[in-house]
Amino acid sequence: MFATMMMAFLVGTSVACTTLIAGKDATQDGSVLASHSNDGGGDTDPRLVRVPARTFGPGEMRPVYFAPESYPRYVGVDRQVPEYFPNNTDGSYPESKAIGHIPQVSSTFSYWEQTYGAMNEHQVGIGESTCSGVFGTKPIGQGGKALLSVDTLSQIAMERAKTSRHAVQIMGGLAEKYGFYGAGSFEGSAESLMVTDPNEGFIFHILPDPNGTSAIWVAQRVPDDEIGVVANCFVIREVNLSDTHQFLGSKNMHQIALQHKLWNPHDGPLDFTKTFSDGEYAHKYYSGRRMWGAYHLLARNQAFGSEYNNLKMDAPYPATTKPDQKVEVGDFFTVHRYVYQGTPFSLTQGMAGGAFGTPDRYGGSSDTAVAGSWERAIGLYRTSDSYVTQSRSWLPNHVGGTLWFGPHAAHGTVYVPFGCAMTDAVKAYSVGAQRKFDRSTAFWAHRSLLNIAQIRYRDMSADIRKLQKRLESASLKLQSSLSSADTDPAALQRAYTENALSVVKDVWAASDKLLFKFADGMLNEVKSDGSFLSKELGYPSWWLRSPEVNYTNGPPPEQKVTIRTKGMSGGVADAMGACNSADSEKACEAMAGCVWSHWGCVSEK
C-alpha cells in the first residue's frame, strides 16, 4: 500500500541517517569514499563486529533473520560471531529464528558489520540511509511476504561481492526474487545505499513493489570527479537503463509507474525520485537542509540555495556534484559533525541552544500538545555510530581498505582506523549496549564525553575539537606508516588494535579532565607551581539581557545598612562586629537605636 497511508499512523522522532560518497578523482589521494551515520535513537545496537569468512558445502542454504535494528540485532551461534552468542549478549534474549532461506554460495568473505554490512575484505564499502517510498510492505512472519531487509541485503553483499557493481547486482536481484521490506516505521518504507570499491561507487535506491513480493530498484554510478549526499530522501532523477555503465535497475519500474499513474512518458524520461519517493518526512527541510549543508561545506562554489518549495518535485540539488577542491577523509568527518555553524540555520545560536550554545535538540516536548520541529542537523546527538569507508586501488586489499569508525555522535567522537581485512574485532568497540553503562566500551566513553560537554558546551567543545584533531591526526599518521604493499597483516592488526584502545583511554581521560576543569560553572586549573585557581565564568551578556531569562529585571539589589557596635568605652561606633557579650540585646538596641541581628545592631543607612 502507499506509504502516505502508513505515515498517518506514525508519530514521534524519526530515526534517520546521512550518507556521503566521493569518486576517486574527487579525492586528494585517489581513494573512493563512502560514509554512514546510524542516527538510531536510544536503543540502536552500537557494536562493531567482525564477521568471518566461511566455506559451505553443495546445496547448503543461508538463513535470513528479521532485522530489528535495535539491541541486540541478532542472537545466536549460526553466524559465528562471538559477540552475538547468547552467553555474550547483555541481557536475556531468545535466540534469533530464521524467517526464510536462500541458496548459499560455496565461500563468503569476511567483513566489518554494525547494524549494516560496512566494509569487506575486498574493500567494498556500504553506507545506509532510510528513505520514504510510495509503496511499503511487511516481512514474513509479520503479515507480509517479503524476506529481505536492507540490513540483510548489505550483509549478503559483503559476503559475496568483490566490486560495488557486483554488490548492487546481488542486492537488486535477490530483492526482486525474494521480496524487500523497509523499516516500516516513521523512517519510511524505502532505502538508499552508498556502495563503493577501490575504483568506483554507486548510489543505490530500493523499495517494495506494490504486491509486497518483489522490489523496485535503481543504481546510478557516481562520476569519478564528483561527490554525493543522501539524507533520507531519494536523489536519483532521470533513469536510462540502456546506459548500463551509468545505470543498473529493475526492469519493472516503468511498467509499475505506468500502471499506478505515477509517471507519464510524455513528460520525459522516468525521474526515479519524483516517481517513487514519498518526499521528505518529519518536516520540510528535514532532508534538503542536510543536502544543502554537505554541499555548502564541500561545493560552496556551486551556490546551491538553502530554500526550495518541494524537494521531491523541484530537484533543487543534484544527486552528485563536483567539490570545490578535492576532498579527504577528514572532510567527511567535518560534514558529519556539521550543525550549520556560521549560517542562519546554526544550532549553536539563540535561546534554544542555551547560554552555552549546545547544538543538541532533544525530541520535542514531554507535553504532546506542543507541536513543532527543530532544524535537522547532520551532526546529531542520538547517533549510535558513524563511519567512513576508504578504498584505495593502488594497495593490496588488506592495506588499502580502511574503515574509520566513530562511536556515538560525530561531534563528540574520535574516528579511528580499522583495516578491512583484520581478523579480530577490538573488544571495546565490539561490545556494549545503550541500555547499560559500561566503562569498558568505546561507545560509553564517547557518549560520556558529549554528555559532560552539555554542562558548558561552547567551552568544552573547543577542548573536544582539540582532542579530535590530535588523535585523528595521529591515526592518519599511523595509517600512512602502514600503507605499504608489504605491510604485514599481523602488524597492521596489532597496530590498529593498540591505537583504538589507546583512543578509548584518552577519551575517558578527557571526560574526567573536562568535568574537573568546568565543574560548578568555574574554570578550575592547577598551575605549574602547584597552586590552584578557581574562577567563576558566569553567563554571556547577550543571554543575561534576554527578556526570557529575566536577569536584568530580577530581584532588586539589597538595601545597604550600617552595623553599629558598642565599644569597650560604652560609646557607639560604625563598625562590623557584635555588641559586647556582657550587654543584652535590648541594651544594645536601645543604645544604638537599631535592630539586633547576629552581626550586631543593624540599622538602615
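The values are calculated or read from the model by the stated rules, or taken from the named source; none is laboratory data. These numbers were taken from a predicted model, which means no experiment stands behind them. Every residue, glycine as well, gets a Cβ built from its backbone with ideal geometry; the counts of neighbours run over all protein chains shown.
Among the residues of the range 15-29, those identified as out of contact with any helix residue (DSSP H, G or I) (no Cβ under 6 Å at 6 or more places or on another chain) and not in a strand (DSSP E or B) are Ala16, Cys17, Gly23, Lys24, Asp25, Ala26, Gln28, Asp29. The set of residues from the range 207-232 being in contact with a Leu (Cβ under 9 Å, 6 or more places away or on another chain) and over 24 Å from Gln390 (Cα atoms) comprises Ala215, Ile216, Trp217.
If you go through the range 201-220 and keep only what is within 16 Å of His260 (Cα to Cα) and touching a His at 6+ places or on another chain (Cβ under 7 Å), you end up with just Pro210. Test Pro103 against the stated conditions and say whether it is in the same structural domain as Asp151 (by TED's automatic domain parsing), at pLDDT below 95 and within 22 Å of Phe180 (Cβ to Cβ). Against the criterion (in the same structural domain as Asp151 (by TED's automatic domain parsing), at pLDDT below 95 and within 22 Å of Phe180 (Cβ to Cβ)), Pro103 does not qualify. Residues of the range 217-241 being more than 23 Å from Asn38 (Cβ to Cβ), assigned to a loop (DSSP other than H, G, I, E, B) and among the polar types (S, T, N, Q), which ones? Answer for the range 217-241, where residues must be more than 23 Å from Asn38 (Cβ to Cβ), assigned to a loop (DSSP other than H, G, I, E, B) and among the polar types (S, T, N, Q): just Asn240.
Residues in the range 260-281 that are of a type in the set (Phe, Trp, Tyr), assigned to a loop (DSSP other than H, G, I, E, B) and at pLDDT 95 or above: 1 in all. I'd like to know if the range 176-196 contains one or more residues that are out of contact with any strand residue (DSSP E or B) (no Cβ under 7 Å at 6 or more places or on another chain), at pLDDT 95 or above and surrounded by fewer than 24 Cβ atoms within 10 Å (Cβ to Cβ). Yes, there is a match, as at least one residue in the range 176-196 is out of contact with any strand residue (DSSP E or B) (no Cβ under 7 Å at 6 or more places or on another chain), at pLDDT 95 or above and surrounded by fewer than 24 Cβ atoms within 10 Å (Cβ to Cβ). Exactly one residue out of Pro489, Pro417 is surrounded by 15 or more Cβ atoms within 10 Å (Cβ to Cβ) and not hydrophobic (A, V, I, L, M, F, W, C), and it is Pro417.
Taking the criterion of being exposed (fewer than 15 other Cβ atoms within 10 Å of the Cβ) and closer than 24 Å to Thr321 by Cβ, the residues of the range 243-283 that qualify are Asp243, Thr244, His245, Gly268, Pro269. The set of residues in the range 141-153 being buried (at least 23 other Cβ atoms within 10 Å of the Cβ) and part of a strand (DSSP E or B) consists of Ala146, Leu148.
Tell me the residue from Lys517, Lys469, Lys505, Lys535 that is farther than 30 Å from Gly401 by Cα and either surrounded by 11 or more Cβ atoms within 10 Å (Cβ to Cβ) or in contact with a helix residue (DSSP H, G or I) (Cβ under 8 Å, 6 or more places away or on another chain) (or both), please. After ruling out the rest, the residue left standing is Lys517.
To keep it simple, each residue is scored yes or no on (1) touching a helix residue (DSSP H, G or I) at 6+ places or on another chain (Cβ under 8 Å); (2) assigned by TED's automatic domain parsing to the domain that holds His36; (3) among the hydroxyl-bearing types (Ser, Thr, Tyr).
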| site | (1), (2), (3) |
| --- | --- |
| Ile203 | no, yes, no |
| Asn211 | no, yes, no |
| Val229 | yes, yes, no |
| Phe234 | yes, yes, no |
| Asn240 | no, yes, no |
| Ser250 | yes, yes, yes |
| Gln255 | no, yes, no |
| Tyr286 | no, yes, yes |
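Being part of a helix (DSSP H, G or I), modelled with pLDDT of 95 or more and over 22 Å from the mean Cα position of the chain (by Cα) is a condition met by no residue of the range 416-430. The set of residues from the range 106-140 being farther than 24 Å from Gly182 by Cα and surrounded by 16 or more Cβ atoms within 10 Å (Cβ to Cβ) comprises Thr108, Phe109, Ser110, Glu121, His122, Gln123. Taking the range 504-556 as the range and being farther than 30 Å from Gly432 by Cα and assigned to a helix (DSSP H, G or I) as the test, the residues that pass are Asp520, Gly521, Ser541, Trp542, Trp543, Leu544, Arg545. Could you grab me the full set of residues in the range 198-216 that are touching a Pro at 6+ places or on another chain (Cβ under 8 Å) and either in a loop (DSSP other than H, G, I, E, B) or modelled with pLDDT under 95 (or both)? Answer for the range 198-216, where residues must be touching a Pro at 6+ places or on another chain (Cβ under 8 Å) and either in a loop (DSSP other than H, G, I, E, B) or modelled with pLDDT under 95 (or both): just Ser214.
Which residues, counting only those in the range 68-120, are touching a Lys or Arg at 6+ places or on another chain (Cβ under 9 Å), in contact (Cβ under 8 Å) with a residue 40 or more places away in the chain, outside any strand (DSSP E or B) and not β-branched (Val, Ile, Thr)? Within the range 68-120, Tyr71, Pro72, Arg73, Glu83, Asp90, Gly91, Gln104, Phe109, Ser110, Gln114 qualify.
Yes/no matrix, rows are residues, columns are (1) assigned by TED's automatic domain parsing to the domain that holds Asp197; (2) over 30 Å from Lys24 (Cα atoms); (3) among the small types (Gly, Ala, Ser):
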site: Asp360; (1), (2), (3): yes, yes, no
site: Ala377; (1), (2), (3): yes, no, yes
site: Arg382; (1), (2), (3): yes, yes, no
site: Ser386; (1), (2), (3): yes, no, yes
site: Trp394; (1), (2), (3): yes, no, no
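If we scan the range 235-251, do we find a residue that is in contact with an Asp or Glu (Cβ under 8 Å, 6 or more places away or on another chain), at pLDDT 95 or above and charged (D, E, K, R)? Scanning the range 235-251, I find at least one residue that is in contact with an Asp or Glu (Cβ under 8 Å, 6 or more places away or on another chain), at pLDDT 95 or above and charged (D, E, K, R), so the answer is yes.
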